[in-house]
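*Asks:* Here it is, the structure, as structure tokens.
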Amino acid sequence: MTAPLELGAGVEAGPRFRGGWLIVARKELADHVQSIRFLVLVILLALAGLAAVHSASGPIRSAADSASQTPSIFLYLFTLSPDRVPAFHEFLGILGPLLGIGFGFDAVNGERAQRTLARLVSQPIHRDEIINGKFVAGLTAIALALAAVMAIVGGYGALRLGVGPTWGDVARVIAFYLVAVAYIALWLALAILLSVVSNRAATAALTAIAVWLLFTLFGGLIAGIVADAVHKVDVSASSEAVLANARLALTLRRLGPDQLYRDATGVLLNPSRQSTGILVNDTASGALPSNLPLADSLSLAWWQLVAIVGGAVALFAGAYIAFMRQEVRA
Amino acid sequence: MEAADDTAPAIEARFLTKRYGDTTAVDRLSVEVQRGEVFGLLGPNGAGKTTTILMLLGLTEPTSGLARVDGLDPTRSPLLVKSRVGYLPDEVGFYEDLTAVQNLRYTAELNRLSKAVGAERIERVLDDVGLADAAGTKVGAFSRGMRQRLGVADALVKQPSILILDEPTVNIDPEGVRELLLAIERLRTEQGVTVLLSSHLLHQVQQVCDRIGIFVRGQLRACGTIDALADEIGDRWTFTVGIDGPGSCEEVLARVPGVTAVTRHEGRWRVQADGDVRPAIHDAVVAAGGRFTHLSRNEADLDAIYHRYFVNEGDSRDSAA
């Protein structure tokens, strides 16, 4: 069952009908920003972020005197996790996907359920402009929400710390922000794909949440079990075996987007980290105790970044193709 | 770039066919709708009406055959076609959280109307369908009839040259149907809009249709004016006869020259003939000693056509909806 593929420039691409995706995106973005969903997600993320930064700022302050020479003390706000409260970038790794899922799970099936899709596709726009516009709107909403959250959290942290970010810190925070947006865009693309494939919004949302739980909660557990099965670790285990076990677990976790995100943001927010891998005393002592420039930190995690963006693109391509091939009345 | 041809028929289909796997939803449909005409595509549910409409709009690709709307090929020039055709889908829906005006404004934007033109048109079409008072109300609070009328308004925002209405009278009360049909007639006479409407409720739409096409199981079984269709099925001369009298009335009636069939119908006799046989019936009944309680000629109507084409097919309704 294939519908005609009305791609970008058709036979009749007169200037009159250009930019349909922009009209769709504008309407969708207005819907998103005015929705309770948007408010709830921003508040949830902001509260989690404030808790993380609050708990991180205490130890930083008390150590600040001795560490005042440490550059990029500001960045510790996002990475330090005392008192078992996850650090901000970890919180974002866990809760960020909810943002992506929240803006995508009913993108297409919502139109079907409200029976607005038939009306929408009968207007003079190309069919792909509908899904492109929806993706752009979701991405913009995510970028806005995340910018708001990070401004709140960063501002509060700077206030508590009494130290503002340096330009270098700002660059790293922006890089972190972009990686986070790409990571959440991946979840948005997944949610939109599910909204095309599944006719019911609830099914799409639950499926997306199941995938999210699988990676963020059970991912480590499953990777650990597999690693333990391959490299047995007990009291008599050698340090090599322990290390092999940990390496395998990490490699397995990198099959999921959250570990890729954690690798990338870990090196971006921590200029002194010289590797995305496991730090043992050996490698740490061999490393120079200096801070890397941003470009070098980026090159440490380049393939993680490529994988995140590639994953997002692949998922969106899947959603696009599925939507284009779908019958209006499917 | 293809250009619209204003001299071409408004809608033209030639051997238009759509197959889904083994089922043929539309089977070699050939029909022409002239400018300013109101054409009724009538058939039971699942006859392929909606599939035909989707092909005319370029929303689904024909398996074979040709479709032209204002001389344009909907598959090659979907945007041009969609900018000229107002479409009221079967079971129309709106964004529930937006008001009537906000919903229509989106449609106006998608049709690239400027803010001012859009606002003016929206006001006018809402007035046309009698929803001016509900303009600022969220659609979530609308009744079904109001949604249907808003759907018509939505289709009119782009000022279409062709209006395609898919089951427009379903779900609305008789008064709503009457208003809708009046609105369609007004559009045709005042603005010369061509209307293609599909329905399975013949009685509701027969009064506005210039011509109808009977569409059953993907095939156009008959096409023409209602009178012509009545002729075609030999139902032009049908009489209802009520007799209070002795003996076998059926035999008496059947023996009248020209009578082709006599059936019992709601306590009276339904007589089909090949001409006006009323004097002959009268004479025969009186001669047999009977007394009339009723004698009338049936109007040529869609009832018989409905029976003839739909009901006999009722058991074979397929799932190509």
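The values are calculated or read from the model by the stated rules, or taken from the named source; none is laboratory data. Owing to the predicted nature of the structure, the values given are computational and were not obtained by experimental measurement. All Cβ positions, even for glycine, are placed from backbone atoms using ideal geometry, and neighbour counts span all protein chains on display.
*Asks:* Could you check the stretch B:211-321 for helices (runs of 4 or more DSSP H) lying wholly inside it with 3 or more residues that are modelled with pLDDT under 80?
*Replies:* B:226-232, B:302-309
*Asks:* For the stretch A:39-75, give me the residue count where each residue is buried (at least 20 other Cβ atoms within 10 Å of the Cβ) and modelled with pLDDT of 80 or more.
*Replies:* Qualifying residue count, the stretch A:39-75: 10.
*Asks:* Separate question: Scan the stretch A:188-203 for residues that are buried (at least 24 other Cβ atoms within 10 Å of the Cβ) and either of a type in the set (Gly, Ala, Ser) or free of Cβ contacts under 8 Å to residues at least 40 places away in the same chain (or both) and jot them down.
*Replies:* A:ALA189, A:ALA191, A:SER195
*Asks:* Another question, then. Can you say whether A:ALA107 is over 25 Å from A:LEU298 (Cβ atoms), hydrophobic (A, V, I, L, M, F, W, C), assigned to a helix (DSSP H, G or I) and within 14 Å of another protein chain (Cβ to nearest Cβ), as far as the supplied structure shows?
*Replies:* So A:ALA107 does not fit the description; no.
*Asks:* Could you check how many residues of the stretch A:1-38 are more than 9 Å from chain B (Cβ to nearest Cβ) and modelled with pLDDT of 90 or more?
*Replies:* Count: 11.
*Asks:* Going by the structure shown, is B:LEU181 in contact with a helix residue (DSSP H, G or I) (Cβ under 6 Å, 6 or more places away or on another chain) and assigned to a helix (DSSP H, G or I)?
*Replies:* So B:LEU181 does not fit the description; no.
*Asks:* Please state which of the following conditions A:PRO124 fails to meet, knowing it meets all the rest: (1) away from chain B (no Cβ under 14 Å); (2) closer than 30 Å to B:LEU156 by Cα; (3) surrounded by fewer than 21 Cβ atoms within 10 Å (Cβ to Cβ); (4) not acidic (Asp, Glu).
*Replies:* So A:PRO124 meets the others, but not (1).
*Asks:* How many residues, within the stretch B:6-54, are in a loop (DSSP other than H, G, I, E, B) and within 14 Å of chain A (Cβ to nearest Cβ)?
*Replies:* Summing the residues that are in a loop (DSSP other than H, G, I, E, B) and within 14 Å of chain A (Cβ to nearest Cβ) in the stretch B:6-54 gives 5.
*Asks:* Follow-up question, since we're still on this one. For the stretch B:83-121, name all the residues that are more than 7 Å from chain A (Cβ to nearest Cβ) and among the acidic types (Asp, Glu).
*Replies:* Correct list: B:ASP90, B:ASP97, B:GLU120.
*Asks:* Taking the stretch B:96-111, which residues are assigned to a loop (DSSP other than H, G, I, E, B) and surrounded by 20 or more Cβ atoms within 10 Å (Cβ to Cβ)?
*Replies:* Passing the criteria: only B:ASN111.
*Asks:* I've got another one for you. Can you find a residue that is modelled with pLDDT under 90, touching a helix residue (DSSP H, G or I) at 6+ places or on another chain (Cβ under 8 Å) and within 20 Å of A:ILE308 (Cα to Cα) anywhere in the stretch A:220-235?
*Replies:* Looking through the stretch A:220-235, at least one residue is modelled with pLDDT under 90, touching a helix residue (DSSP H, G or I) at 6+ places or on another chain (Cβ under 8 Å) and within 20 Å of A:ILE308 (Cα to Cα).
*Asks:* Same structure again: Would you check if A:PRO97 is over 20 Å from B:TYR95 (Cα atoms) and assigned to a helix (DSSP H, G or I)?
*Replies:* It is true that A:PRO97 is over 20 Å from B:TYR95 (Cα atoms) and assigned to a helix (DSSP H, G or I).
*Asks:* Out of all the residues in the stretch B:55-82, which are more than 9 Å from every other protein chain (Cβ to nearest Cβ) and among the β-branched types (Val, Ile, Thr)?
*Replies:* If the condition is that a residue be more than 9 Å from every other protein chain (Cβ to nearest Cβ) and among the β-branched types (Val, Ile, Thr), then B:THR63, B:VAL69 are the ones that fit.
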